[in-house]
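The values are calculated or read from the model by the stated rules, or taken from the named source; none is laboratory data. Please read these numbers as outputs of a predicted model, since none were measured by experiment. Ideal geometry is used to build each Cβ from the backbone, glycine not excepted, and the neighbour counts take in all protein chains shown. Ligands, DNA and RNA are stripped out before the accessible areas are found, and what is left, the full protein with its side chains, is counted by its heavy atoms. Shrake-Rupley method; radii C 1.70, N 1.55, O 1.52, S 1.80 Å.
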Amino acid sequence: MAGNSQRRNRRTSNKKGATVGSGGQRRRGLEGKGPTPPAEARKGHAKQRAANAKVKRAASTQSRRPSGRGSKSTSELVAGRNPVVEALRADIPASAVYVQQFIDNDERVREAIKLATDRGIPLMEAPRPELDRITNGLNHQGLVLQIPPYEYAHPEDLAAEAFDAREDPLIVALDGVTDPRNLGAVVRSVAAFGGHGVVVPERRAAGMTAGAWKTSAGTAARVSVARATNLTRTLEAYQKAGLTVVGLAADGEVELQDLEALAGPVVIVAGSEGKGLSRLVGETCDLRVRIPMPGGAESLNAGVAAGIVLYEAARRRA
């Protein structure tokens, strides 16, 4: 009997359960950990392996086009929880979302995963050292968005597509504009006022980055952006095709309300705020137009100036 009593006591003393002073650890351990991650984010799952293979194939083909009608930019990475969520909300094109292994699953992470899953964007699990490497040590917070290379049109295609549609081309060219948000604003204005595209120089100029996509408010998906190897030669080619090249300049010889050329085939050239048009581009323009500013401002940024002139062009063509 004594032996039986000792065995019962041992069983009682070894019984598992919460004890006084546990701080609720037992209860927290029973709480749920949120929704199950999608198959693409689960390590070892067949869908994740397929997604990994897809991204590797895409990465292997992201080299720049040597020639042809257009060209591609290089891929871009957006790092950080807030930037990634904002980019996904703005429907910026994406080829993959990298999620750090064992990431702290907060609201932003869950939203990023849901948005990516809804859009069919592959989710890639990666250890922190790998994310540190691909972002060059940026504070990625365990989330990285990969944006595929933008496919630029050829400058000649913008005018050709307008003529094919039996419309007079209305094109905006940017000279020395380096802020992607200005490019995005111009793309948005071109879409709003019935333009046929935007031309940017290949070097020392803003390209279609995540910032430009976001500022365009989605209109970049339907407005072509072309990249010119030499902007001056591109403008001369437009002139030979019958387009009038109009440069925006604070000291222009024609005021906007007197610019009859806006009713026909035209290229509007906007320079950077402060510097304006470069010398060669300014000399190539058929006309230089100024925007009256009763408030006395010295200059407008490219996005605002192009929007004003595009509105006047749309009004004359209505």
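When the surface is traced with a 1.4 Å probe over the full set of protein chains, ARG290 keeps roughly 80 Å² accessible.
Counting only heavy atoms of the protein chains and using a 1.4 Å probe, TYR311 has close to 120 Å² of accessible surface.
Mind checking the per residue accessible area of segment 205-315 for me, 1.4 Å probe, whole number of Å²?
Averaged over the residues of segment 205-315, the accessible area is 46 Å².
Across segment 151-159, computed HN-Hα scalar couplings (Karplus, 6.51 cos²θ - 1.76 cosθ + 1.60, θ = phi - 60°) run 8, 7, 7, 8, x, 5, 5, 5, 5 Hz from first to last residue, x flagging Gly and Pro.
Under a 5 Å amide H cut-off, with hydrogens placed 1.01 Å from N, THR244 pairs with VAL266, VAL267 among residues at least 5 apart or on other chains. Counting protein heavy atoms only, segment 201-251 has 45 percent of its accessible area on carbon and sulfur, 1.4 angstrom probe.
Evaluate Rg over Rh across segment 73-220, taking Cα atoms for both radii and Kirkwood's formula for Rh.
Using Cα coordinates only, the ratio equals 1.06.
Note on segment 80-141: with neighbouring protein chains present and a 1.4 Å probe, carbon and sulfur make up 48 percent of its accessible heavy-atom surface.
Excluding ligands, DNA and RNA, the accessible surface per residue across segment 128-197 is 45 Å² with a 1.4 Å probe. Applying both filters, DSSP loop and at most 13 other Cβ atoms within 10 Å, to the GluC sites (Glu not before Pro) of segment 80-174 gives GLU167. The heavy atoms of ILE113 present about 30 square angstrom of accessible area, all protein chains included, probe 1.4 Å.
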